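Notes follow the structure.
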Amino acid sequence: MPAGGFATATAGGVKFEAKITPIVILSCIMAATGGLMFGYDVGVSGGVTSMPDFLEKFFPEVYGKTQDPNLNSNYCKYDNQNLQLFTSSLYLAGLIATFFASWTTRRLGRKPTMLIAGFFFILGVVLNAAAQDLAMLIIGRIFLGCGVGFANQAVPLFLSEIAPTRIRGGLNILFQLNVTVGILFANLVNYGTAKIKGGWGWRLSLGLAGIPAVLLTGGALLVLETPNSLIERGRLDEGKSVLRKIRGTDNIEPEFLELVEASRMAKEVKHPFRNLLKRRNWPQLSITIALQIFQQFTGINAIMFYAPVLFDTVGFGSDAALYSAVIIGAVNVLSTCVSIYSVDKVGRRMLLLEAGVQMFFSQVVIAIILGVKVTDDSNDLHRGYGILVVVMVCTFVSAFAWSWGPLGWLIPSETFPLETRSAGQSVTVCVNLIFTFVMAQAFLSMLCTLKFGIFLFFSSWVLIMSIFVVFLLPETKNIPIEEMTDTVWKKHWFWKRFMDDKEEVPATGTKGDPLTEKWAC
């Protein structure tokens, strides 16, 4: 999913003295509510689009299809471009907002950028909950998308910079964990509001997004700016003071000097994106782009966006569909916790390959069940088969949640060298949001065209990406970022041909985003 976690190491692998202070824990919890907001936006759209009152008001054509007993189009009754635009507009807006968020994060700081995100979220929630027509609804989603763009740029970066090195990975995945919690929260809300009589349940679903929106905004007001951002903008004394507070020790001089030096060195690179295109960076760039495309073509966002719609389509009924979506959300949360525990123990490749087998098997089974038991004119799926479909979807979601979900973001963040890390992370976010938008806009039309074959389509991609991992993705577990080139790329059977030592290596850092280069992006 379009979320992220960033784990980095200090230059040269040096470990600075740092305590796990209450201010760090509270700051990270508050900041990570940006993930909660993002997850709620992902989860709530699928639920409200399966509510008859919502469809009747904004998408009467779709509502007519769902109520017509003579319509021989079980797989196609939700196929509507405007309905898909309601979901996908958020991600298109997020993509555009990312470019502005990169500037505000660099020039204004991480804290103001989170405040901007909270403002957009609150505005979007108000417009959605009070929407009177489709235009107002879409504009509200666009504002929510702007919030996503600003939050996804600032929050993971904030977490990376404020956390002590030894728990940085876990605190970064906290953002991804909050995304899954937000999805679960949205599914629970939708399950309850779908039972409300009077046609306003969907307004409550959309309006309750204001809770994480207010939490993020309030949290952004209370947290400290990161020392990295302060030093980056020339406020050295203030940066040193904040560093002392968050580390809980007076022995912060080595880390402070490291940050100052990183800021100085970073300004020497004039064109980080041009450096990114140099031959020696092709392996990292290729893997980054591939991982973001593969992450979306697992089919996960299609399932998370439209789980209630999907289950309703195969005959579960609206109530059972929302209940099944709640189960999926819970599995998603628990499985993300598995990733936090296991990623540095069993390695990235092992998790991805195991998940590939699990996702491929579950999707093939779902395709077989739907192909045999669900046709355009069927209106019910036998209870036993229905339960099996839910189990297989949960099997798929759990595999994704401990592999391609967090690792699709973690691996790019730890493979780019210092001088291209910021530009590389920008590419990661942009490619991810582009293909998230594509899948959100296309899924219901694909479901109509391919029917049960859509799961065979996604399973084919899972097979392709697993082959990619076997041959082209090196293991990066427990390898310092500074040693990645010599330890990983120069020894890989394929990528080593791009590691030309004679090619000029640019100075470290980036002119516009020095400490982003240093720590997170």
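Quick look at the numbers
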| quantity | calculated |
| --- | --- |
| Matching option when the condition is open to solvent by 20 Å² or more (accessible area, probe 1.4 Å) and at pLDDT 75 or above, among Glu61, Glu17 | Glu61 |
| Residue in the stretch 438-451 that is farthest from the chain's Cα centre (by Cα), counting only those that are open to solvent by less than 50 Å² (accessible area, probe 1.4 Å) and not polar (S, T, N, Q) | Cys448 |
| Number of positions in the stretch 464-492 that are in a loop (DSSP other than H, G, I, E, B), out of contact with any His (no Cβ under 8 Å at 6 or more places or on another chain) and modelled with pLDDT of 90 or more | 1 |
| Any chance Lys245 is farther than 30 Å from Ile300 by Cβ and without any contact (Cβ under 8 Å) to a residue 40 or more places away in the chain | no |
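The values are calculated or read from the model by the stated rules, or taken from the named source; none is laboratory data. What you are looking at is a predicted structure, and each value in this text was computed from that prediction instead of being measured. We place every Cβ from the backbone using ideal geometry, glycine too, and count neighbours over all the protein chains shown. Surface accessibility is based on the protein's heavy atoms, side chains included, excluding ligands, DNA and RNA. Shrake-Rupley method; radii C 1.70, N 1.55, O 1.52, S 1.80 Å.
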